[in-house]
Amino acid sequence: MKALYPGSFDPLTLGHLDLIERAAQLFDGLVVAVLQNPSKNPCFTVGQRLEQIRAATAHLPQVAVASFDGLTVEFAQSCGAGVILRGLRALSDFEFELQIAHTNKSLAPQLETLFMATATAHSFLSSSVVKEVARFGGPVAHMVPPGVAQDLATLFNQMSPHQA
């Protein structure tokens, strides 16, 4: 069975990568899909995020990387996924994720949502936290894959803290 792991991944964190690596062992195929969300103002373009994920998952041949817009359930169906993977860092994530899972189930009853808990070592990570630390010059190498750390350094070294 194939699974879909959708998200904005702006940027990809080690928490995301932990879930990808573990899910890749559970499913025949895993599609990591970057949502093109017009209501968000991302730091990285969709193309940059796709490249970051491809580089970080190059060691996982069963992982494909794509982008999409629109409904997650429609994209899941178009790529042949039977499961939508969602990560949980803390109990506070569960209420929102459960609402999304129920909505998806109402739209596509044949799709299942699987919640996976992030490894404890990464449970504090969010893309927002990573960007905030990087914006002010803090170390992020323990939070993101090496290529993403370099991209963040490049991005925020070119900007003053007031522009970020």
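The stretch 76-164: percent of C-alpha pairs farther apart than 21 Å?
Values: 1970 of 3916 pairs.
Tail fraction, whole percent: 50.
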Which one of ASN157, VAL133, GLY82 is farthest out on the positive end of the charge dipole of the chain, using unit charges on Cβ (Lys, Arg +1; Asp, Glu -1) and the Cα centre as origin? ASN157
Separation of the SER8 and ASN37 label points, Cα + 7 Å toward Cβ, nm: 0.4
Kindly write out, for the stretch 45-50 in residue order, the coupling ³J(HN,Hα) from the Karplus curve 6.51 cos²θ - 1.76 cosθ + 1.60 (θ = phi - 60°), rounded to whole Hz, with x marking Gly and Pro. 5, 4, x, 5, 5, 4
Two-site label geometry, LEU71 and GLU132: point separation in nm, points 7 Å out along Cα→Cβ: 3.5
Could you give the dipole magnitude of the stretch 6-164 about its Cα centre, charging the beta-carbon of Lys and Arg +1 and that of Asp and Glu -1, in debye to the nearest 20? 200
FRET efficiency, 1/(1 + (r/R0)^6) with R0 35 Å, evaluated for ALA90 and HIS59 via beta carbons: 0.80
Measure nothing but the geometry: give the 0 to 90° angle between the long axis through the Cα atoms of 146-157 and the longest principal axis through the Cα atoms of the chain, rounded to 10°. 50
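So what is the relative contact order for the stretch 2-123, in percent, with contacts set as C-alpha pairs under 8 Å and at least six apart?
Values: 179 pairs, mean separation 38.3, N = 122.
Relative contact order for the stretch 2-123 comes out at 31 percent.
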Between GLY82, GLY29, GLY47, which gets the highest mean-square fluctuation from a Gaussian network model of the chain, Cα cutoff 10 Å? GLY47
Radius of gyration and Dmax over the Cα atoms of the stretch 1-154, both given in Å: 14.9, 46
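Read-outs throughout are calculated quantities, based only on the coordinates presented, and are distinct from any laboratory measurement. Since the model is a prediction, treat every value here as computed from it, not as a measurement. In this analysis, Cβ positions are derived from the backbone assuming ideal geometry, glycine residues included, and neighbour counts consider all displayed protein chains.
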